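Quick notes on the structure that follows.
The values are calculated or read from the model by the stated rules, or taken from the named source; none is laboratory data. Keep in mind it's a predicted model, so treat the numbers as computed, not measured. Note that each Cβ is placed from the backbone with ideal geometry, even for glycine, and that neighbours are counted across all protein chains shown.
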Amino acid sequence: MILQRGEKAAFLASYKAFFVQQLNWLLEKLYYLKHFSVKLLYRQRGRFAQPITHFALTLLVFLGVYFAPYLESMINSGNNLPSSYLDTQAAALAQTSLYVPRTARTGMRGDIADYVVKRGETLSEIVQKFGVSLDTVIWANRLRSPKSIRAGQRLKIPPVTGIVHRVRSGDTVYSLAKKYRTDAQKIVDFPFNTFADDEAFTLRVGQTLVIPDGIMPSAKPPAAYYARRWPVSAGKATASRFIWPTSGVISQGYSWYHRAIDIANPAAPNILAADSGVVKLVIYSRYGYGRHLVINHGNGYRTLYAHLSRIYVKVGQRVSQGQTLGRMGSTGHSTGTHLHFEIRRGGQRLNPLSFLK
């Protein structure tokens, strides 16, 4: 039997889709096998835990390095696979340990920069170069005032506005968020922060942790501190065609490492469709976005609703603006009950506040 050109393309697309699906399944099973092995060996006093754990991690890294370019080329190729499948696989990759945040743009960094003050340079000019607040550099270098710098002096410049903290015994993500008056989710979302356990967000004593938007306990909060937790109401109309998808407070805004907004509410209210459209993706996951869904609005825009506790719609269902999609939760990579809300267009994640104000 000879396949026509269109039939051959469809066959190849189905074959590649099956291959990627099986590979993702295999990686997930290896991840669970690693956890099971570590727990079993721990009960045996850890006699062989270290070499076997290292072997398992090395195998995962090898598979990731070997197959990642192929998977990426398939996902980015719009000629071989249907768009609905691309959406599913891109979301699935974002849930795995192979996902590494891309930081190609200038200023996207996770390290503490070492900067030498030039003659005649002021601290205000320095912080403008790095895009952080004045207080951030003062706290990082324990300066008495913005004027207490001199030519030739070396300054530590944190990667974002906030605090750089060296973890001590007893510190947790939640205790540090409370101490520095910020949100725990911001600490977890900063892509260069690492954890001993990515599910429980446990910390290692002595590690350096970036606390985005953190404020020293003795410092007076700036005006931005009060402005960044303003309340919103579900269904409220905006200047654009979108409406607010839920009620609560804006606990985290849009940034280069968090291209979305977080709306927090301990009461876990319903989540509404920001605009009418068709449900293109529904995923129940324990990692990444957790339970989440994507709506295609048919005008080039798509919206994503993540960390839900319940989902009331299914793929292919047409929804109207304001229709209940699910309920707010804390599934996946989450530290508390909130909605992670994204607006996308042409593969780009846009600032939702540009549409919702």
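Worth pointing out:
- Take the conditions (1) buried (at least 21 other Cβ atoms within 10 Å of the Cβ); (2) modelled with pLDDT under 95; HIS340 misses just one of them, which is (2).
- Restricting ILE283, ILE343 to those that are outside the structural domain of GLN185 (by TED's automatic domain parsing), farther than 26 Å from ASP197 by Cβ and β-branched (Val, Ile, Thr) reduces the list to ILE343.
- Matching entry among SER354, SER247, SER320 (being surrounded by fewer than 21 Cβ atoms within 10 Å (Cβ to Cβ) and over 28 Å from ALA184 (Cα atoms)): SER320
- Residue match in the stretch 317-324 (condition: under 21 Å from ILE250 (Cβ atoms), out of contact with any helix residue (DSSP H, G or I) (no Cβ under 7 Å at 6 or more places or on another chain) and charged (D, E, K, R)): no
- When GLY288 is tested against (1) of a type in the set (Gly, Ala, Ser); (2) touching a residue at least 24 places away in the same chain (Cβ under 8 Å); (3) more than 24 Å from ILE187 (Cα to Cα), just one condition goes unmet, and that condition is (3).
- Sole exception among (1) under 16 Å from the mean Cα position of the chain (by Cα); (2) of a type in the set (S, T, N, Q); (3) over 30 Å from MET108 (Cβ atoms) for SER285, by number: (3)
For every residue, the table says whether it meets (1) at pLDDT below 95; (2) among the hydrophobic types (A, V, I, L, M, F, W, C); (3) touching a Ser or Thr at 6+ places or on another chain (Cβ under 7 Å).
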| site | (1), (2), (3) |
| --- | --- |
| PRO245 | no, no, no |
| ALA260 | no, yes, no |
| ASN265 | no, no, yes |
| LEU272 | no, yes, yes |
| VAL279 | no, yes, no |
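- Extreme residue, farthest from VAL160 (Cα to Cα), among residues of the stretch 108-136 that are in a loop (DSSP other than H, G, I, E, B) and small (Gly, Ala, Ser): GLY120
- Picking from residues in the stretch 137-182 that are touching a His at 6+ places or on another chain (Cβ under 9 Å) and in a loop (DSSP other than H, G, I, E, B), the one that is farthest from TYR257 (Cα to Cα) is ASP171.
- In the stretch 207-227, the residues that are within 24 Å of the chain's Cα centre (by Cα) and at pLDDT 90 or above: GLN207, THR208, LEU209, VAL210, ILE211, PRO212, ASP213, GLY214, ILE215
- For ILE163: the one exception among (1) over 21 Å from GLY290 (Cβ atoms); (2) touching a residue at least 12 places away in the same chain (Cβ under 8 Å); (3) surrounded by fewer than 20 Cβ atoms within 10 Å (Cβ to Cβ): (3)
- With respect to the conditions (1) surrounded by 17 or more Cβ atoms within 10 Å (Cβ to Cβ); (2) of a type in the set (Gly, Ala, Ser); (3) under 22 Å from LYS236 (Cα atoms), GLY288 lacks only one, and its number is (3).
- Sole residue being out of contact with any Pro (no Cβ under 7 Å at 6 or more places or on another chain), among the hydrophobic types (A, V, I, L, M, F, W, C) and surrounded by fewer than 13 Cβ atoms within 10 Å (Cβ to Cβ), chosen from ALA151, ALA113, ALA184: ALA151
- Being surrounded by fewer than 20 Cβ atoms within 10 Å (Cβ to Cβ), more than 22 Å from LEU353 (Cβ to Cβ) and without any contact (Cβ under 8 Å) to a residue 60 or more places away in the chain is a property that holds for SER218.
- For THR238, the stated conditions do not hold, so it cannot be described as modelled with pLDDT of 95 or more, of a type in the set (S, T, N, Q), assigned by TED's automatic domain parsing to the domain that holds ASN296 and touching a Leu at 6+ places or on another chain (Cβ under 7 Å).
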